[in-house]
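The values are calculated or read from the model by the stated rules, or taken from the named source; none is laboratory data. None of these values were measured; they are calculated from a predicted model. Note that each Cβ is placed from the backbone with ideal geometry, even for glycine, and that neighbours are counted across all protein chains shown.
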Amino acid sequence: MGSVLPFGSSDRLLSVLPLSHLYEQVLGFITPLLKGASIVYPVSRQPAVLLRTFRDYRVSLLLIVPQGLRLLDNAIERKVDQSGRRATWERLHRVARRSPRWVQRLLFRSVHAQFGGRLKAIGVGASAIELDVGYQLGLTNVSDDPGQTVKENVLQASLGYRFPLGG
């Protein structure tokens with residue numbers, strides 16, 4: 001599984017899933033230890049605490065389940081709407097869809113900075129990802145094939161950088 005997500009000794013994985021979850025045990029505990037990566041356990045799962053944890057600990061990897069990814073997407077969309085920048089947000093997504101990764105990172109640098117600026121991959125697993133959320137977040141290899149393996153579910157989460165969480 002370590003070949004699926006880009007773990008390395010300089011990486012810090014934010015662990016938000018319970019260790020009783022097999023997905024978290026394998027990819028969120030055993031694999032980082034084998035690869036020499038650090039594991040960060042937040043003191044709370046409240047959004048403000050998680051954002052501060054991303055910044056303070058310079059998190060580069062996140063493991064999450066599809067429901068958590070949906071919540072993250074909804075929170076970002078709410079912030080966009082509250083700021084009154086929906087039209088700009090949509091324009092940025094249209095440009096990013098046809099742009100190389102470095103341009104995508106540049107377009108969404110302000111949102112990426114809110115996550116500490118180092119997040120390079122999100123591992124989504126344990127159940128099927130909702131296609132609309134996957135595409136909205138710019139995840140690559142998104143598929144609606146119900147026969148996907150856990151490894152393929154994780155593969156689909158290597159960030160395509162259309163969205164601000166690119167790394």
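Of all residues in region 109-130, one or more are surrounded by 15 or more Cβ atoms within 10 Å (Cβ to Cβ), among the acidic types (Asp, Glu) and either free of Cβ contacts under 8 Å to residues at least 12 places away in the same chain or out of contact with any Phe, Trp or Tyr (no Cβ under 9 Å at 6 or more places or on another chain) (or both).
I'm trying to understand the selection: among the residues of region 47-98, which are within 21 Å of VAL124 (Cβ to Cβ) and among the polar types (S, T, N, Q)? Selection gives THR53, SER60, GLN67, ASN74. Would you mind stating whether SER99 is at pLDDT 85 or above and either surrounded by 12 or more Cβ atoms within 10 Å (Cβ to Cβ) or over 18 Å from the mean Cα position of the chain (by Cα) (or both)? Here the answer is no, as SER99 does not meet what is asked. If you check every pair at least six apart or on different chains, which have Cβ atoms under 8 Å apart with a residue in region 83-97 that is free of Cβ contacts under 8 Å to residues at least 40 places away in the same chain first and a residue that is part of a helix (DSSP H, G or I) second? From region 83-97, the pairs are ARG86/VAL80; TRP89/VAL80; LEU92/LEU107; VAL95/VAL103; VAL95/LEU107.
One line per residue, one yes/no per condition, for (1) assigned to a helix (DSSP H, G or I); (2) farther than 20 Å from LEU19 by Cβ; (3) not hydrophobic (A, V, I, L, M, F, W, C):
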residue	(1), (2), (3)
ARG55	yes, yes, yes
GLU77	yes, yes, yes
LEU92	yes, yes, no
SER99	no, yes, yes
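Applying the criterion of being farther than 19 Å from LYS120 by Cα and outside any helix (DSSP H, G or I) to the residues of region 20-46, the residue that is farthest from the chain's Cα centre (by Cα) is SER20. Screening the candidates PHE7, PHE54, PHE29 for the property of being farther than 23 Å from ASP73 by Cβ and touching a residue at least 40 places away in the same chain (Cβ under 8 Å) yields one hit, PHE7.
Does LEU17 fit the bill of being in contact (Cβ under 8 Å) with a residue 40 or more places away in the chain, part of a loop (DSSP other than H, G, I, E, B), out of contact with any Pro (no Cβ under 6 Å at 6 or more places or on another chain) and not β-branched (Val, Ile, Thr)? Taking the combined requirement at face value, the residue satisfies it.
Any idea which residue in region 41-80 is nearest to GLY8 (Cα to Cα), counting only those that are surrounded by 13 or more Cβ atoms within 10 Å (Cβ to Cβ) and acidic (Asp, Glu)? Among them, the one singled out is ASP73.
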